[in-house]
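Enquirer: This is the structure I have questions about; it appears just below.
The values are calculated or read from the model by the stated rules, or taken from the named source; none is laboratory data. Since this is a predicted model, take the numbers as computed values, not measurements. Cβ placement follows ideal geometry from the backbone for every residue including glycine, while neighbour counts extend to all protein chains displayed.
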Amino acid sequence: MTTQEHPGWDPSSLRQHQAPPANTGLDLLWTHHGLADGLAEMTDGAQPHHFLAVSGPSLDSAAERWLTARSQQRPATPTGQLVDDPLVRGFEERVDVLRRMSDILGGSDIYSLSVTELGVTVRLLRTGTHSDTHQTRLYAVAAELARLAGWAMYDVGEYGRAQRCWLVALRAAHEAGSPALGANVLRCMAEHATWYGQPADAVTLLHSAQEGARSVLSAIERAVIAADLAIAYSRTGDQADAMAATGLAYSLIDEARPEENPPYMYWAGRKDISFAAGEALLSGGDPSGAIPYFQAALDDLDDLDEEFPRDHVEFLSRLGVAHARTGDTQTAVALGHQAITHAAGIDSGMTRRDIARLCQEIEQADRSGAADLVDHARYALDSATASTLS
């Protein structure tokens with residue numbers, strides 16, 4: 001890992017990750033050999049490929065192919081390891097462990113672990129002796145591992161590679177016959193689009209997720225998609241739809257039953273709906289209205305802080321931005337110092353970007369008030385980065 005993989009505390013780092021769109025042959029993933037080639041590309045052991053981020057028609061095309069494609073799955077030739085229920089269950093359990101490790105480790109470590117696991121899964125899919133049911137479950141494992149790899153690349157700011165991983169994950173989820181898994185991949189793609197200047201694309205992706213998996217999504221999955229739509233709508237300037245989506249998200253989260261939640265939604269709860277409500281108001285120009293929602297998200301996170309340190313930094317940072325935009329830079333700076341203290345223990349580009357945004361906001365409101373915060377960020381986050389390299 002190099003320091004170039006981390007955006008760091010410097011606010012100017014936010015401008016380093018706006019890659020121009022490019023077509024990377026997305027439709028090839030949906031051909032007969034496309035999934036096998038995409039999985040091989042991720043697991044061949046070579047230096048990871050670099051892709052430029054895509055947007056607009058390319059993202060729409062990926063979502064449309066997921067909605068309309070027929071399965072390309074072909075039986076593997078049984079020449080190797082017997083793939084039975086205990087073996088597949090072991091892979092599924094390790095995927096769940098990796099999901100939770102991602103909240104603590106983040107970045108390149110999770111990418112490496114996910115791709116290593118994915119390589120073994122791909123080998124078993126290609127040569128293992130398995131039933132159709134076990135094959136389907138292995139494709140679901142592959143989809144989740146590719147999604148986690150994409151999330152890790154999103155964390156370190158490799159957005160083109162993140163998208164490529166997610167597109168492979170979307171294709172594998174389709175092969176697994178799991179529209180809910182595919183919808184969750186689209187949700188990850190939409191989050192990137194929302195936060196990096198493509199909210200209209202995010203709205204399209206989230207609507208596709210709803211359309212393609214409506215009959216199988218749990219209440220909490222529908223709540224999170226509605227919450228993400230609230231933020232995306234607000235950033236397109238559509239505050240009426242943003243508020244409607246917020247109301248729907250709160251209604252759905254009240255219906256959620258833990259026993260119905262899929263394993264990959266372990267992190268989701270009321271805190272995330274409150275955060276999205278605050279972000280929608282903040283993006284819509286109402287920072288005062290956003291503050292109580294961000295505070296509610298933090299309050300709900302209190303008992304879960306050690307499980308979700310990245311969330312803690314994000315919630316503190318966005319609450320700080322809201323205070324800065326109301327003119328209360330003193331509170332914003334205090335929240336920034338709290339966020340930096342939490343971020344110093346996390347190897348995460350996301351947390352550095354959150355703090356960089358807050359530093360920008362405070363500098364714009366009161367440059368003198370930001371000096372100590374920037375110094376704290378430089379010392380704490382550069383030290384954290386250095387510790388990961390020793």
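Enquirer: May I ask you to say which residue of Ala219, Ala193, Ala162, Ala143 is buried (at least 22 other Cβ atoms within 10 Å of the Cβ) and either at pLDDT 95 or above or on the phi > 0 side of the Ramachandran plot (or both)?
Expert: Exactly one residue qualifies, and that residue is Ala143.
Enquirer: Moving to a separate point now. Against the condition of a type in the set (Val, Ile, Thr), surrounded by fewer than 24 Cβ atoms within 10 Å (Cβ to Cβ) and under 16 Å from the mean Cα position of the chain (by Cα), how does Val203 come out, does it pass?
Expert: Judged against the criteria, Val203 is a match.
Enquirer: Mind telling me which of the residues Glu260, Glu307 ends up being at pLDDT below 95, more than 21 Å from the chain's Cα centre (by Cα) and not hydrophobic (A, V, I, L, M, F, W, C)?
Expert: Exactly one of Glu260, Glu307 is at pLDDT below 95, more than 21 Å from the chain's Cα centre (by Cα) and not hydrophobic (A, V, I, L, M, F, W, C), namely Glu260.
Per-residue answers, yes or no, for (1) modelled with pLDDT of 85 or more; (2) outside the structural domain of Ala152 (by TED's automatic domain parsing); (3) within 20 Å of Val156 (Cβ to Cβ); (4) out of contact with any helix residue (DSSP H, G or I) (no Cβ under 9 Å at 6 or more places or on another chain):
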site	(1), (2), (3), (4)
Gln330	yes, yes, no, no
Leu335	yes, yes, no, no
Gly349	yes, yes, yes, no
Cys359	yes, yes, yes, no
Ala370	no, yes, no, no
Asp375	yes, yes, no, yes
Leu381	no, yes, yes, no
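Enquirer: Name the residues in segment 201-221 that are of a type in the set (Ser, Thr, Tyr) and in contact with an Asp or Glu (Cβ under 6 Å, 6 or more places away or on another chain), would you?
Expert: Residues satisfying the conditions are Thr204, Ser218.
Enquirer: Sticking with this one: Within segment 101-131, track down each residue that is of a type in the set (Gly, Ala, Ser), under 24 Å from Phe308 (Cβ atoms) and not in a helix (DSSP H, G or I).
Expert: Within segment 101-131, Gly106 is the sole residue that qualifies.
Enquirer: Separate question: Among the residues of segment 300-351, count how many are surrounded by fewer than 19 Cβ atoms within 10 Å (Cβ to Cβ) and outside any helix (DSSP H, G or I).
Expert: Result for segment 300-351: 7.
Enquirer: Let me ask something additional. For segment 132-201, give me every one of the helices (runs of 4 or more DSSP H) that falls completely inside it and has 1 or more residues that are under 15 Å from Leu29 (Cα atoms) and touching a Gly at 6+ places or on another chain (Cβ under 6 Å).
Expert: Where helices (runs of 4 or more DSSP H) fall fully within segment 132-201 and carry at least 1 residues being under 15 Å from Leu29 (Cα atoms) and touching a Gly at 6+ places or on another chain (Cβ under 6 Å), they are 159-175.
Enquirer: Scan segment 97-119 and report the pairs whose first residue is at negative phi and touching a residue at least 40 places away in the same chain (Cβ under 8 Å) and whose second residue is part of a helix (DSSP H, G or I) and β-branched (Val, Ile, Thr), with Cβ atoms within less than 8 Å and a gap of 6+ or a chain change.
Expert: Leu98/Ile110; Ser102/Ile110; Ser108/Val156; Tyr111/Val156; Val115/Thr43; Leu118/Thr43; Gly119/Thr43
Enquirer: While we're looking at this one, here's another question. Looking only at residues that are outside any helix (DSSP H, G or I) and small (Gly, Ala, Ser) in segment 14-47, which one is modelled with the highest pLDDT?
Expert: Top of the filtered list is Gly45.
Enquirer: Conditions first: (1) in a helix (DSSP H, G or I); (2) of a type outside the set (Phe, Trp, Tyr); (3) in contact with a helix residue (DSSP H, G or I) (Cβ under 6 Å, 6 or more places away or on another chain); (4) farther than 23 Å from Gly157 by Cα. Ala232 passes all but one, so which condition is the exception?
Expert: (4)
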